[in-house]
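Here is the structure we will look at, set down as structure tokens.
The values are calculated or read from the model by the stated rules, or taken from the named source; none is laboratory data. All of these numbers come straight from a predicted model, not from anything done at the bench. Cβ atoms come from the backbone with ideal geometry, glycine included; neighbour counts cover every protein chain shown. When the accessible area is computed, the model is the full protein with side chains, heavy atoms only, and any ligands, DNA or RNA have been set aside. Shrake-Rupley method; radii C 1.70, N 1.55, O 1.52, S 1.80 Å.
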Amino acid sequence: MIKLDITKTAPFVSAETIQAYAERVAAVQKTLENGTCPGNDFLGWLHLPSSITPEFLADIKQTAATLRSECDAVVVAGIGGSYLGAKAVIEALSNSFQWLVGTGGPVILFAGNNIGEDYLSELTNYLKGKRFGVINISKSGTTTETALAFRLLKKQCEQQMGKDAAKKVIVAITDARRGAARTCADKEGYKSYIIPDNVGGRFSVLTPVGLLPIAVAGFDIDQLVKGAQDMEQQTALGKPFAENPAAVYAATRHALYTAGKKIEILANYQPKLHFMAEWWKQLYGESEGKDGKGLFPASVDLTTDLHSMGQWIQEGERSIFETVISVEQPEHNLLFPSDEENLDGLNFLAGKRVDQVNKMAELGTQLAHVDGGVPNIRIAIDRLDAYHLGQLIYFFELGCGIHCNLLGVNAFNQPGVEAYKKNMFALLGKPGYEKETAAIRNRLTP
Ligand code: PA5
């Protein structure tokens, strides 16, 4: 199992303070379990791992096999929770140079997560003449960024492959009944998967939203789900507080937040984990940040960012704490080389594993940051593989659900996200927004 170490928060919040949360956290977890917490119609993720059947996974793998055999590239169209989980797992498990060395399957590309004209132009140019498929992911089926990308990709796919062949390689993952993506999939006869009503976007990585793209990328979704299932057991209601890492993580975050630490920085020492942090930021940011409350989730890639953000972390405003994800065993084995001239003076490292140097950088940074007033939580996983990522995903989801309820916010809505959309539609003159358009024009006219 993943190991959670909170001992380096002790100089800032005592072990007793955190232990004192045990009852409160159990009570909160009970409200998730019995569905009495705010947003209780979105608790489908809580027992999602244990509800996944081998038949369901077989069906996903079958669709993935079709896309892998028919396509040179597969574009995953989605934004927020409809792409970040898949992107995070695929990046974490892929060769860092997959663009150059190939993947043995289709190239996985992402779109529908921005409105960049250059991005979309360059993507569609790249796809010219290629056999490509599309996984169109949108729970609401109305998200502008995703709908825009899908319009472009559907048309191009049909033009290049013909409408019948395109049907075989376009898959929809959306609501069971509502939204443009559902209507289009039913009308065109695409293979489609349902995002359960009671699972919100940012909690949906273990539904087809994450599982299908991950399977298309060639990774082991059985192991991913197994990891999540084991974590679901490990964190089940009734487990002693100290043995439930999600409960301890949530309690520690809340104790630090209460002690004035308002920013949590998720740090990794493996560049492949960059997008895990992006997924985590969305999960925590969109779930917690409401009613004037919530930790601000930030992230750094280390040691890279020690040369950019390191100064701020060491000596800036003391409103932060750090949560480090550390991978115990890298996949490869590489030794620090010896050099005859030793101009850089680094021969004392010759023969050591590069990972040993990385680990000492991590330890040295931890000590420095704690000395500098930054509490440190450490999450260690044995290996960067599908099984451990599955554990990590469920651990973070449950930790988030618990912490939001400690804060007293509804973890499962995102009312604030509508504000920019309303203005954008008003500015673009969307029918039905006439009043907003007039109001916004007044504001913008000097
Ligand atoms: O977590 C969420 O609910 C959001 O981030 C959504 O996933 C995101 O806005 C995309 O929405 P949709 O899947 O409806 O296109």
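Which is more than 23 Å from the chain's Cα centre (by Cα) and over 18 Å from Gly133 (Cβ atoms), of Val101, Val89?
After ruling out the rest, the residue left standing is Val101.
Applying the selection to segment 148-167, what residues are of a type outside the set (D, E, K, R) and either in contact with a Gly (Cβ under 8 Å, 6 or more places away or on another chain) or not assigned by TED's automatic domain parsing to the domain that holds Leu127 (or both)?
If the condition is that a residue be of a type outside the set (D, E, K, R) and either in contact with a Gly (Cβ under 8 Å, 6 or more places away or on another chain) or not assigned by TED's automatic domain parsing to the domain that holds Leu127 (or both), then Leu148, Ala149, Phe150, Cys157, Gln160 are the ones that fit.
Counting just the residues of segment 265-291 that are under 14 Å from Pro415 (Cβ atoms) and outside any helix (DSSP H, G or I), which one comes out farthest from the ligand (Cβ to nearest atom)?
Only one residue fits best here, namely Asp291.
Any residue in segment 28-36 that is farther than 17 Å from Ala386 by Cβ, part of a helix (DSSP H, G or I) and of a type in the set (Ser, Thr, Tyr)?
So far as segment 28-36 goes, yes, one or more of its residues are farther than 17 Å from Ala386 by Cβ, part of a helix (DSSP H, G or I) and of a type in the set (Ser, Thr, Tyr).
Within segment 63-75, is even one residue in a loop (DSSP other than H, G, I, E, B), within 19 Å of Ile221 (Cβ to Cβ), away from the ligand (no atom under 16 Å from the Cβ) and of a type in the set (A, V, I, L, M, F, W, C)?
yes
Test each condition in (1) assigned to a helix (DSSP H, G or I); (2) of a type in the set (D, E, K, R); (3) within 16 Å of the ligand (Cβ to nearest atom) for Asp164 and report the one that comes out false.
The single condition Asp164 does not satisfy is (3).
Which condition does Glu232 not pass, out of (1) more than 13 Å from the ligand (Cβ to nearest atom); (2) under 23 Å from Leu109 (Cα atoms); (3) crowded, with 20+ Cβ neighbours inside 10 Å, if it passes all the others?
(2)
Give the residue that is modelled with the lowest pLDDT, with candidates limited to residues of segment 80-100 that are away from the ligand (no atom under 16 Å from the Cβ) and of a type outside the set (A, V, I, L, M).
Per the stated criteria, the residue is Trp99.
Return yes or no: is Val171 within 16 Å of the ligand (Cβ to nearest atom) and open to solvent by less than 70 Å² (accessible area, probe 1.4 Å)? Working first, answer last.
Working: within 16 Å of the ligand (Cβ to nearest atom): yes; open to solvent by less than 70 Å² (accessible area, probe 1.4 Å): yes.
In short, yes.
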